[in-house]
Amino acid sequence: MNVIEINNISKSYTDFQLKDVSFNVKAGTIMGFVGENGAGKSTTISAILDLIQSDSGNIKIFNIPAHNFPIYKKEDIGVVFDELQFPEILTAEQISKICIKIYKNWDNSIFASYCKRFSLPLGKPVKDFSRGMQMKLNIAVALSHNAKLLIMDEPTSGLDPIVRDDILDVFLDFVQNPNNSIFLSSHITSDLEKIADYITFIHQGKILMTESKDNLIYDYSIIRCGKDDFEQISKQEIISFKKETMQYSVLVKNKKKLQNKYPKLIFDNPKIDEIMLLLVKGNR
């Protein structure tokens, strides 16, 4: 079952265009959405949430068209952006009192438990919170109204490694329920290597690839070689390559098969950011 289905979404602006964006997010999984700044991540999320109207294509959430998504179902979606989502003068306790009037399924006890887990003071104005505390507050709210899908745009951007690790643990706990799913935009690929089940790469408004994280790490590989060895590799087997000062870096798939075919070459297990760099800056 897919919780998000995106089919050929396009959106044109004066200086940017989403071009036939398509991918699915499966129930019970975490999908990482990666790309450089300006690649189209936030625009895609805005289209999913029906904050902008696409020029063509269609989006479904829980098999319901996004543009007809009923208000009562919106509680099933928790949304987190990379900035504070509440007036700065409010305290966490006051935010909870407001949310109980907004969300039918709001649970004060769950919110209080997340505030305790995140060491968030209930009576302190959120303007006095650090950036990490503000982000934890956004996440606590998103998780306290029985959401089944989290949609997040750069939730760990600018946070220190310890805070990010705390937040990633919460995300992993959330998807222990097979009915829960996460769609997470991030440029911090090391975070996605820890928690994502699938990765979608976007560049200049186009989807370059959607693949399982395990396949990316274990079935894809980067061959480091000189010119002579590079010329021996079949061009049909090359996804992307980049010529560097002393060697070629070559992105390939079917690692075991190619290791048998080219036993003298060096095959490295790639990191997600290395794959992204070769897809974006390499020759394809």
(message) Which residue is nearest to E5 (Cα to Cα), if the candidates are limited to the range 178-194 and must be more than 9 Å from the chain's Cα centre (by Cα) and modelled with pLDDT of 95 or more?
(response) S181
(request) Pairs only if they're at least six apart or on different chains, beta carbon under 8 angstrom, first in the range 147-172 and on the phi > 0 side of the Ramachandran plot, second in a strand (DSSP E or B); list them, first residue then second. (result) E154/S185
(request) Output the helices (runs of 4 or more DSSP H) that fall wholly within the range 167-240 and possess 2 or more residues being more than 18 Å from E154 (Cα to Cα), or say none. (result) 213-218, 227-232
(message) Any residue that is touching a Gly at 6+ places or on another chain (Cβ under 7 Å), farther than 18 Å from V34 by Cβ, outside the structural domain of A196 (by TED's automatic domain parsing) and outside any loop (DSSP other than H, G, I, E, B) - is there at least one of those in the range 251-261?
(response) no
(message) Quick check on my filter: what residues within the range 203-232 are modelled with pLDDT under 95 and among the β-branched types (V, I, T)?
(response) I217
(message) For the structure I just gave you, tell me whether H145 is part of a loop (DSSP other than H, G, I, E, B) and in contact with a Phe, Trp or Tyr (Cβ under 6 Å, 6 or more places away or on another chain).
(response) yes
(message) If the requirement is being touching a strand residue (DSSP E or B) at 6+ places or on another chain (Cβ under 9 Å) and over 24 Å from V175 (Cβ atoms), which of these qualifies: N68, N8?
(response) N8
(request) Residue by residue through the range 173-187, note down the ones that are of a type in the set (A, V, I, L, M, F, W, C) and touching a residue at least 40 places away in the same chain (Cβ under 8 Å). (result) V175, I182, F183, L184
(request) Can you confirm whether the range 264-271 contains a residue that is of a type outside the set (V, I, T), in contact with a helix residue (DSSP H, G or I) (Cβ under 7 Å, 6 or more places away or on another chain), in the same structural domain as V34 (by TED's automatic domain parsing) and part of a strand (DSSP E or B)? (result) no
(request) Would you check if I98 is assigned to a helix (DSSP H, G or I), on the phi < 0 side of the Ramachandran plot and within 23 Å of the chain's Cα centre (by Cα)? (result) no
(request) Sort out which residues of the range 58-94 are β-branched (V, I, T) and either crowded, with 19+ Cβ neighbours inside 10 Å or not in a helix (DSSP H, G or I) (or both), and write them in order of number. (result) I59, I61, I64, I77, V79, V80, I89, T91
(request) Within the range 1-17, track down each residue that is modelled with pLDDT under 95 and surrounded by 23 or more Cβ atoms within 10 Å (Cβ to Cβ). (result) none
(request) Under 6 Å between Cβ atoms, at least 6 apart or on separate chains: pull out the pairs that start in the range 188-201 with a residue that is within 10 Å of L216 (Cβ to Cβ) and end on any residue that is part of a strand (DSSP E or B) and of a type in the set (A, V, I, L, M, F, W, C). (result) A196/I30; Y198/M31; F201/V34; F201/L208; F201/M209
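The values are calculated or read from the model by the stated rules, or taken from the named source; none is laboratory data. For clarity, every value in this text was computed on a predicted model and none was experimentally measured. Positions of Cβ are backbone-derived with ideal geometry, glycine not excepted, and every protein chain shown enters the neighbour counts.
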